[in-house]
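Every read-out reported here was derived from the displayed coordinates using simple, explicitly stated rules and does not represent laboratory data. These figures come from a predicted structure and were not determined experimentally. With ideal geometry, Cβ positions are generated from the backbone for all residues, glycine too; neighbour counts draw on all protein chains shown.
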């Protein structure tokens, strides 16, 4: 009976192993990259689908808030902090987006994390932010939303979180995400 | 060739029977399953050599983060490389060397390693089970194989009685004995545990690596500082630093809340071994679950998440008012020890002012007033010789907050920055002041007023989730256990042949008593020298139980 000698078998196995491992690696790579970067509104945007978390607490100005009141229509939630540098950069863009979209019935709500009420109020005043913010201390609402760091922006439609924008964003991206969610 | 040498499935060179068996196995017509198992690629995948290559690759991959700064532990350094070496940075980004542990290629090595190990272990385990089952299988009748040790003697006992005696001797010596064939031949074996140990070793390696992978990909580790009276949510957003961010996203976090009600530290001057304790409450799903004291040696353990007391510090509450009297900053500032003259230092930023303001604060829990001569020796430190205080002890006797005011551009718009560092490159030092705890505060030259409103401790926790820990522990202990047989056990076999003496049967015609011929053969597959003594021992014991005939000279053909 003829069998390959151990030497040639080893060489062949090594080459085959290499190829198989490479194939496995490429498959893993492509599987991991397929999920991101394909959204029409840009690489930071991703579709989501989960219920808006239950939350009641207080706003930065001290008045109370319950997310039950944000279950209807389209709502943009922006997770931010007055200490967060990219949040300062995107603040004028959020203001612009809020002013452009509120006539169409879209409501905005900030989620201020790891902050002080004074710092947050000063921020809102500095940038003339036209919408209120939840004072989220500890960061329970942001955690339930799945925001890993500020800034993160969510688009909510009829009580369902439908879209997320991770990182610093701008008015056009927010408008695009809102249109995308409202169209769907 | 011997017919008695039953198939054994062992791997030593002496065992020609195994090779023969392998050859005959190869001749079996291929079933689909067998054809699949014999695909050349699969054969390469299930070689231990591949597993070792992958293990080496894993070690190399694990070394990379010690040479290249990682985004989770050192984002500023990574950003700096991006600015200074844009080309190499983009190459590194593509290869994911700045976040190795979350990179697909790192995960691919892990997955391949575990798969190859498994493909390696399954056939070996099957072969082992087959070997155990066949090692003492009833041999076909024939002559004994050629063996290193053989002894033969005649006895007056009947064949059945002699066989029973030999059996009981071997049983007492813990030999695994097979069933005899019609000719009175059978095989006994000892030391199968050696291969079992080797298998155990490799399976526990698999277990250990699975545990490590579980911890690496499902687990996480980070730190968080909580100020007394504040709460922390076990979610990525509330962490301050990471040592392992985990690879499978943020959904593996538990999201419960830990409230730090009080932090206590013993006075280092009076306590022999100063202890520090955090009084915490765990709140989950809106309900308080339990309260606990966390000591350095007593972590909090809830839903698989462990929180260890790591360190602590002072967090003064600082209130800043603008010239109109409006509060523009009111928060706890985390300070770290190691500032000038034993002070604790921290940073606060007030970006809403125009121009922006930043403060470096120096906390003296127990300040001592210096004479100008004493202060002169500190002229070169950050505070300068204009500040006439130094710290005496860590106890909050009459806490004093010294602050250095900077005005200008905080640089917040130019990208992420460390919250604990004041970037003064676009700022000028405006004023210096000091405030006592609870006092009226200090009015700065430009109209800002700073008040030192409160002083609390903050407590730093190291927070970990280690889902593979149990697997790693079990794997590591079994690994050692599996090594023991490899060191102390050796596999050896005995062939036993008890049959009526053919010569005596012939002589039976002359009327002499029936005699029995006993043959013992032995072979050791490891540590053969030691086996000579053991074989002699077994033979002596068997001869004591089945005494040799005295009248005839016995044949002792013990070969070297």
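Tell me, A:76, B:470, B:546, B:424 in order of fewest to most beta-carbon neighbours within 10 Å?
B:470, B:424, B:546, A:76
Can you tell me, using C-alpha contacts under 8 Å and at least 6 residues apart, the relative contact order of segment A:115-184 as a whole percent?
Once normalised by length, the contact order is 20 percent.
Can you tell me how segment B:317-473 classifies by the Cα gyration tensor, rounded, prolate or oblate, using a/c under 1.5 as the rounded cut?
Verdict is oblate for segment B:317-473.
Go through A:163-171, A:111-119 and give me the packing order, highest mean Cβ count within 10 Å leading.
A:111-119, A:163-171
Kindly put B:405, B:413 in sequence by how many other C-beta atoms sit within 10 Å of each C-beta, fewest to most.
By the 10 Å Cβ count, ascending: B:413, B:405.
Only Cα pairs under 8 Å and at least 6 apart count here; give the relative contact order of segment B:314-456 as a rounded whole percent.
The value is 26 percent.
What is the P(r) of segment B:34-173, as percent of Cα-Cα pairs per 5 Å bin from 0?
The calculated distribution, bin by bin, is 2, 7, 10, 11, 10, 7, 7, 7, 7, 6, 5, 4, 4, 4, 4, 3, 2, 1, 0, 0.
Enter the mean number of other protein chain beta carbons within 10 Å of the beta carbon of each residue in B:228-235, as an integer.
Average neighbour count from other chains, rounded to a whole number: 4.
Using a 10 Å cut-off on Cβ to Cβ distances, tally the other chain neighbours for every residue of A:83-89 and report the average as a whole number.
5
Segment B:449-497 to segment A:117-176: how many Å between their Cα centroids?
Distance between centres, Cα-based: 41 Å.
Let me have the relative contact order for chain B, percent, based on Cα pairs under 8 Å that are six or more residues apart.
Relative CO of chain B lands at 20 percent.
Which shape class applies to segment A:45-183: rounded if a/c is under 1.5, otherwise prolate when a/b exceeds b/c and oblate if not, where a ≥ b ≥ c are the square roots of the Cα gyration tensor eigenvalues?
It comes out rounded by the Cα gyration axes.
Just how far, in whole angstrom, is segment B:388-437 from segment B:301-355 if you go by their alpha carbon centroids?
Cα centroid of segment B:301-355 versus Cα centroid of segment B:388-437: 10 Å apart.
Would you mind checking the tilt of helix B:104-135 against the longest principal axis of the Cα atoms of chain B, expressed as 0 to 90 degrees and rounded to 10?
In chain B, helix B:104-135 runs at an angle near 20 degrees to the longest axis.
Above 31 angstrom, tally the Cα pairs of chain B and express them as a % of all pairs, no decimals.
Counting every Cα pair in chain B, those more than 31 Å apart make up 68 percent.
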